[in-house]
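Please read the structure below before turning to the comments.
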Amino acid sequence: MEYIQNIKRIRRGLGLTQQELAGPGLSRSMISLIESGRSVPSLKTLQIIADKLGVPVQNLMEDEPHNQHEIKLTVSDEIIQKRISVCKALLKAKKLNEAEKLLSETAQLTKNNVFARGLLLKEKGMIAFERKDFTQAINAFEEALLYITPDHVEELMEIYCQLAETYRNNGNYVLAIENALYGNIITKTKQIQTDPLIQLKLYYNLANCYCRQKEFHRGLEVINQALKVMKETKMTYLEGNFYILKGSSESYFGDHNAALKSDQTALSLFQVEEDEKNRQRIMGCLVNLGIDYRFLKKFNQSYAMLLRSYKMMEEGWPEVSLKNVIYELSLTLVYLDKYDEAQNWIAKGLDIQTDENSMNGKLTYIAALICFHQNELQAAKRSADRAQTLLGGNAYWEGKCLKLKGEILFKEGQNAEAYRIADEALDAQLKERDKIYFEE
């Protein structure tokens, strides 16, 4: 009964447990019985096992090869597809080394099969992506496109979609947009029934990158298309994330009531299943809601949302994010005329050590603002100067600091100098219009 040892050997060689090999028509207990010799499988059961292992059924029936790491194959497109399916299962189980080994073995058997080479390169890119080696992933996906012909539409769409996601994760938003657009063009020119999930992934990469590029008008168009697809197909994909982007776009255009509604929708979607990832998203939603309420002059609601976010972030959250919430809390307290409480938060924020100065600069700016409102003009001027130094290189914040310094001078009666500073502030703000300034 050679199949007993062959099933064990091939399964273990792929790094699969009995549970991972199990599935529809093949329970873990049945696999255990077969491998222990307590049950004789039918030919149909052996075929199911062979399909899951990505080998022909005759490989399970023959004598074990002399080299235990070799698997005797009759190479065909069907076998290649089966082995790629096994590779995908290993990827899903985060068994990257085993998946890589299987790809390497299969590549040796498919040197003359152009299409198969493209599919294997695509999976190689997926392994690199899971390892966050985005440069290697991009190289593999780009090479895969050389082997996948235009008649294999679904494979092309998946590669362009994955390229877009990889470029986005690598911070190259221009090329991410370019590849997502290529994927969308394929769906329109081929007139085929596309997988809604792939379509939504392409839309998400487009929407996210458009917003990061401050092309919010285009981003909002794509978001609305994605939400329409979800409604029509009853399929959801990162729906809460789409609403976060929608709220950011609406806020950029000054429609803060619409932004508030979008952020509230995102929050409700994330709260349905509060796992660790959604917990992080909930905290982000609460910050956005705090900002929305502040723009709408609902300062008490703003403070409540921001404080709730801070309490969730207090343990184990990156210091920069924690300081950002403290900045937002301090600013809201200034609008509530609670200067002493704001100063306490500022002190707490400045005590948190980070590697960069921008958050300290923002907190120092709020301190200057408080001094200005309390008519402590010399202290306000010193803090504004300090904030401008810490925020050097950021034209937007340079403009804010200059504007505050102009207001201080005007309050001191130095009108001419105040107007000169105001002009500098305006120039700095105008320069900032062409820069990327977006946080998801």
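Taken together, the values in this text are just the output of simple stated rules run on the coordinates, not laboratory data. This is a predicted model, so every value here is computed, not measured. Every residue, glycine as well, gets a Cβ built from its backbone with ideal geometry; the counts of neighbours run over all protein chains shown.
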Pairwise label distance in nanometres, residue 344 with residue 424, each label 7 Å out on the Cα-Cβ vector = 3.6 nm
Gain on full stretching of the segment that runs from residue 297 to residue 62 - 0.36 nm per residue minus C-alpha separation = 76.9 nm
Once both label points are put 7 Å beyond Cα along the C-beta direction, the residue 139-residue 258 separation in nm becomes 4.5 nm
Convex hull volume of the Cα atoms in the chain, per residue, in Å³?
-> 176 Å³
Given pairs 348/411; 214/261; 277/338; 122/214; 188/234 and cut-off 26 Å on Cα-Cα distance, the over-length ones are 348/411; 277/338; 122/214
Exposure proxy check: 109, 103 ranked by fewest other beta carbons within 10 Å?
-> 109, 103
Let me have the 222 nm mean residue ellipticity of the chain computed from DSSP H runs of 4+ only, each contributing -39500 (n - 2.57), with the sum over all residues rounded to the nearest 500.
-> -24000 deg cm²/dmol
Rel. contact order, % - alpha carbon contacts under 8 angstrom, at least six apart, the chain = 7 percent
Over the Cα atoms of the range 238-311, compute the convex hull volume and normalise it per residue, giving Å³.
-> 68 Å³
For the residue pair residue 181 and residue 278, what label-to-label distance in nm results when each label sits 7 Å from Cα along the Cα-to-beta-carbon direction?
-> 3.6 nm
If you build a Gaussian network model of the chain, linking Cα atoms that sit under 10 Å apart, which residue out of 408, 148, 48 swings the most?
-> 48
For the range 115-184, the spread of Cα positions along each principal axis, largest first, Å = 31, 25, 14
Ordered by fewest other Cβ atoms within 10 Å, a rough proxy for footprinting exposure, 345, 397, 317 read 317, 397, 345
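Largest first and in whole Å, give the semi-axes of the range 318-440's equivalent ellipsoid, each being the square root of 5 times a Cα gyration tensor eigenvalue.
Value: 23, 19, 11 Å, ordered largest first.
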With +1 at each Lys and Arg Cβ and -1 at each Asp and Glu Cβ, the charge dipole magnitude of the chain around its Cα centre, to the nearest 20 debye, comes out at 580 debye
Listing 293, 335 by rising number of other beta-carbon atoms within 10 angstrom, fewest first, gives 335, 293
The size of the Cβ-based charge dipole (Lys, Arg +1; Asp, Glu -1) of the range 113-169 about the Cα centre, to the nearest 20 debye, is 220 debye
Roughly how tilted is helix 77-92, in degrees to the nearest 10 and between 0 and 90, from the longest Cα axis of the chain?
-> 40 degrees
